[in-house]
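Here is the structure we will look at, set down as C-alpha cells.
We did not get these values from a lab; they are worked out from the coordinates using the rules stated. Note that this is a predicted model, so its numbers are computed, not measured. Note: ideal-geometry Cβ built from the backbone for every residue, glycine included; neighbour counts use all protein chains shown.
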Protein chains: 2
Amino acid sequence: MMYEKYVDLLKEKSIKITPQRLEILRYLDKNRNHPTAYQIYTDLKENNPSLSKTTVYNSLEILNKYDIINTISITGLETRYDIKNIIHHHFMCKKCGRIIDIDIECPNIRKTLEQGHKIEEVHGYFKGRCRECIEKEIDQYGS
Amino acid sequence: MMYEKYVDLLKEKSIKITPQRLEILRYLDKNRNHPTAYQIYTDLKENNPSLSKTTVYNSLEILNKYDIINTISITGLETRYDIKNIIHHHFMCKKCGRIIDIDIECPNIRKTLEQGHKIEEVHGYFKGRCRECIEKEIDQYGS
DNA sequence: ATACTAAATTGTAATGATTATAATTTAGGT
DNA sequence: ACCTAAATTATAATCATTACAATTTAGTAT
C-alpha cells in the first residue's frame with residue numbers, strides 16, 4: 001500500500017523491484033530538496049544499516065536511465081537528484097546553497113530546436129541570491 | 001598587441017595581469033568548445049612546461065568571479081569553461097559528448113523571476129542526440 | 001630604476017564524489 | 001522450490017578539485 005505507487009513506477013518500465021529502489025524513490029518523493037547521493041545514502045542507512053553507497057549510485061543511475069528521476073548538475077561539485085514531476089527550472093542561491101524549484105518551463109525552446117538535434121532533456125537554472133538571504137542582509141545592515 | 005584585448009579585460013576589473021591569465025583567456029577565446037580545466041592545462045603546458053594545474057584552477061576561479069568567463073555544469077563529471085560572450089544556451093550530445101552552443105536566450109525568464117530572488121546567472125541546457133550522431137546512425141542502419 | 005609587499009604561481013599532498021571489481025544475495029520466471 | 005541473470009554489498013581505485021606551504025612576481029611606492 002505504502003509503496004504501491006513506486007512499485008507501479010518500476011513495473012511500468014519492467015525493471016526489477018527491490019526494497020532499495022523503493023526506498024530511494026520514496027525518499028526522493030518525500031524530499032524535494034534535490035539531495036545528493038550521499039545525503040540519500042546516509043539518511044536511508046539509518047533504517048537499513050546494510051545499505052551500500054554503490055547501491056544508491058546504481059539505483060539512481062537506472063532510475064535516471066528509465067526517466068523516473070532527473071539529475072541536476074548545478075553546483076559543479078556533485079550531482080543532485082529529483083523525482084520526475086512537471087518540468088520546472090531551478091534557482092541556486094550562491095549564499096546559502098539552497099536549490100529552489102522554479103515552476104516555469106522555458107517557452108518555445110523545444111520547437112525552436114527541432115532542427116537537427118534531438119532533445120531528450122531540458123534543463124534550466126539560475127544562480128544568485130535567494131529572497132531569504134537578501135532579507136537577512138537587510139536586517140543586518142539596515143535597509 | 002596580441003594580448004592587448006585580454007590585458008584590457010583584466011585591467012577593467014583591477015585584477016593582476018599575469019602571463020598565465022592572459023594565456024588562459026586567449027585559449028578560451030580561441031577554443032569555444034567548452035574545455036575542461038584539464039584540457040586547458042595540458043594544452044597550455046606545451047608552450048609553458050612550468051604551468052601548474054593549481055594555477056589553471058585559481059585563474060579560472062578568479063576570472064569567473066569577475067565575470068570574465070562562465071562555468072558550465074552539464075556533464076555532472078567536471079566543470080566546463082566558456083569565455084563570456086552573448087548569452088546562449090548549450091546542447092550536450094549524449095552519444096558523442098560534444099557540447100554545442102545554442103544561440104538562444106530564454107525569453108522573459110528574467111522578468112518573471114524578479115520577485116524576491118536576485119538572478120546573477122542564467123543557464124540553460126538540453127541533452128539528447130546531435131544531428132551528426134543521428135545522421136551517422138541512419139548511414140549505418142539504413143534510413 | 002629599486003625595493004617592497006601583497007598576491008600569484010608552483011608542486012605536492014589531501015579530499016570528496018563517483019566508478020570498477022569481485023563475491024554474495026535476491027527477484028522473478030520456470 | 002529451483003535457477004539464473006541481475007542486484008547488492010564492501011572494498012579499492014579513479015578522477016576532478018582543493019588545501020597547503022614555499023617560492024616567485026606584479027605593481028606600487030620610494
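Calculate for the protein assembly as shown the 222 nm mean residue ellipticity that helices alone would give, adding -39,500 (n - 2.57) per DSSP H run of length 4 or more and normalising by residue count, nearest 500 deg cm²/dmol.
Dividing the helical sum by the residues of the protein assembly as shown leaves -12000 deg cm²/dmol.
Once you average over the residues of A:68-76, how many Cβ atoms of partner chains fall within 10 Å of each Cβ?
3
Over the Cα atoms of chain A, what is the Rg over Rh ratio if Rh follows Kirkwood?
1.04
Excluding residue B:34 itself, what net charge comes from residues whose Cβ is under 11 Å from its Cβ, given Lys and Arg +1 and Asp and Glu -1?
In short, 0.
Suppose R0 equals 30 Å. What FRET efficiency, 1/(1 + (r/R0)^6) with r the Cβ-Cβ distance, do residue A:138 and residue B:65 give to the nearest 0.05?
Efficiency computed from Cβ-Cβ geometry: 0.80.
In peptide B:126-133, what is the residue-averaged number of other protein chain Cβ atoms found within 10 Å of each Cβ?
Other-chain Cβ atoms within 10 Å of each residue's Cβ, averaged: 5.
With a cap of 16 neighbouring Cβ atoms within 10 Å, and only residues DSSP puts in a loop, list the GluC sites (Glu not before Pro) found in the range B:1-79.
Answer in residue order: B:46, B:78.
Averaged across the residues of B:28-36, what count of C-beta atoms belonging to other chains lies within 10 Å of each residue's C-beta?
0
7 Å along Cα→Cβ for the label point: how many nanometres lie between residue A:11 and each equivalent label in the other copies, listed shortest first?
7.1
Using a Gaussian network model on chain A with a 10 Å cutoff between Cα atoms, which of A:58, A:85, A:47 fluctuates the most?
Result for chain A, Cα springs under 10 Å: A:47 fluctuates most.
Have a look at B:54, B:71, B:79 and tell me which one the Gaussian network model of chain B (Cα, springs below 10 Å) gives the largest fluctuation.
With Cα springs under 10 Å in chain B, the top fluctuation among B:54, B:71, B:79 is at B:54.
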